[in-house]
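The values are calculated or read from the model by the stated rules, or taken from the named source; none is laboratory data. What you are looking at is a predicted structure, and each value in this text was computed from that prediction instead of being measured. Glycine also receives a Cβ, built like all others from the backbone with ideal geometry; neighbour counts cover every protein chain displayed. With ligands, DNA and RNA removed, areas are computed over all heavy atoms of the protein, side chains included. Shrake-Rupley method; radii C 1.70, N 1.55, O 1.52, S 1.80 Å.
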Amino acid sequence: AQSVTQLDSHVSVSEGTPVLLRCNYSSSYSPSLFWYVQHPNKGLQLLLKYTSAATLVKGINGFEAEFKKSETSFHLTKPSAHMSDAAEYFCVVSVLSGGYNKLIFGAGTRLAVHP
Amino acid sequence: SQTIHQWPATLVQPVGSPLSLECTVEGTSNPNLYWYRQAAGRGLQLLFYSVGIGQISSEVPQNLSASRPQDRQFILSSKKLLLSDSGFYLCAWSPTSGSVGQFFGPGTRLTVL
């Protein structure tokens, strides 16, 4: 069965320092993986997606993620945090189910950015 | 480009009252449509999905129902709200083929008192 584990429920960084949000997945076949961001009381915005092309995926707002099959990981990184990056981040795996691509969400990581 | 709309943005309703939340998508045809609920401090729970007009699948048994009267319109309803129906409701769409992810609307904050 496919699943996603986000290893940290909260991450706190200082503005200008690197961001690392960790995600491990479980999938019986080559997965499609996504990172979404949600600001308070807003919908989810797609940051980036991996769909079996390049293993290093670049997304919006300077974020990127690397698909590592040997480690079953898809960690999200950003070289330098900005105050506007404070939000909740969801790692997601896509599963073909009932004729559509069902999304399996991780529990989320809340990122706090301090001045 | 595609856009997705939800209304109302916020709603406060008494227990036992009916509910109707609307979602519309522009700029695409025959999308898959989804309703999610996000309870406070929790992840997203898929409530319903639809692969076409009049085709609704329910993921979990509950007090809610969904309908798709038009290709790009998805409605979430209840005849009698419960306190436990409070939450943040998100509508999403995706293309019918390929795994490109889903695209979410701005959400509706529902508070049942």
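So which pairs qualify, if the first residue must be in segment A:88-112 and within 7 Å of chain B (Cβ to nearest Cβ), the second must be open to solvent by 50 Å² or more (accessible area, probe 1.4 Å) and outside any strand (DSSP E or B), the Cβ gap must be under 7 Å, and the two must be at least 6 apart or on different chains? From residues that are within 7 Å of chain B (Cβ to nearest Cβ), the pairs are A:ALA107/A:SER9. Check off (1) open to solvent by less than 20 Å² (accessible area, probe 1.4 Å); (2) touching a helix residue (DSSP H, G or I) at 6+ places or on another chain (Cβ under 9 Å); (3) under 21 Å from A:SER97 (Cα atoms) for B:SER78 and give me the number that stays unchecked. It fails just one condition, (3).
For segment B:40-50, the criterion of being under 20 Å from A:TYR36 (Cα atoms), loosely packed, with under 13 Cβ neighbours inside 10 Å and touching a residue at least 40 places away in the same chain (Cβ under 8 Å) is satisfied by at least one residue.
A quick yes/no check of all residues on (1) within 21 Å of B:SER17 (Cα to Cα); (2) open to solvent by 40 Å² or more (accessible area, probe 1.4 Å); (3) more than 15 Å from the chain's Cα centre (by Cα):
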site	(1), (2), (3)
B:ILE56	no, yes, no
B:PHE74	yes, no, no
B:ALA92	no, no, no
B:THR111	yes, yes, yes
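Going through (1) closer than 27 Å to B:GLN45 by Cα; (2) more than 9 Å from chain B (Cβ to nearest Cβ) one by one, A:LYS78 falls short only on (1). Among the residues making up segment A:4-55, those that are surrounded by fewer than 13 Cβ atoms within 10 Å (Cβ to Cβ), among the polar types (S, T, N, Q) and in contact with a Phe, Trp or Tyr (Cβ under 9 Å, 6 or more places away or on another chain) are A:ASN41, A:SER52, A:THR55.
Based on this model, can you work out whether A:PHE90 counts as modelled with pLDDT of 95 or more, among the aromatic types (Phe, Trp, Tyr) and within 30 Å of B:ARG109 (Cα to Cα)? Criteria met by A:PHE90.
Restricting attention to segment A:27-43, which residues are farther than 13 Å from A:LEU103 by Cα and facing chain B (nearest Cβ under 9 Å)? A:GLN38, A:ASN41, A:LYS42, A:GLY43, listed by residue number. Looking at segment A:56-110, which of its residues are closer than 30 Å to B:SER57 by Cα, under 13 Å from the mean Cα position of the chain (by Cα) and open to solvent by 20 Å² or more (accessible area, probe 1.4 Å)? Residues satisfying the conditions are A:GLU88, A:ILE104, A:PHE105, A:ALA107.
Output the residues belonging to segment B:10-35 that are open to solvent by less than 70 Å² (accessible area, probe 1.4 Å) and either without any contact (Cβ under 8 Å) to a residue 60 or more places away in the chain or closer than 13 Å to B:ARG68 by Cα (or both).
If the condition is that a residue be open to solvent by less than 70 Å² (accessible area, probe 1.4 Å) and either without any contact (Cβ under 8 Å) to a residue 60 or more places away in the chain or closer than 13 Å to B:ARG68 by Cα (or both), then B:LEU21, B:GLU22, B:CYS23, B:THR24, B:VAL25, B:GLY27, B:PRO31, B:ASN32, B:LEU33, B:TYR34, B:TRP35 are the ones that fit.
Screening B:SER57, B:SER97 for residues that are in a loop (DSSP other than H, G, I, E, B), within 14 Å of chain A (Cβ to nearest Cβ), free of Cβ contacts under 8 Å to residues at least 12 places away in the same chain and of a type in the set (Ser, Thr, Tyr) leaves exactly one candidate, B:SER97.
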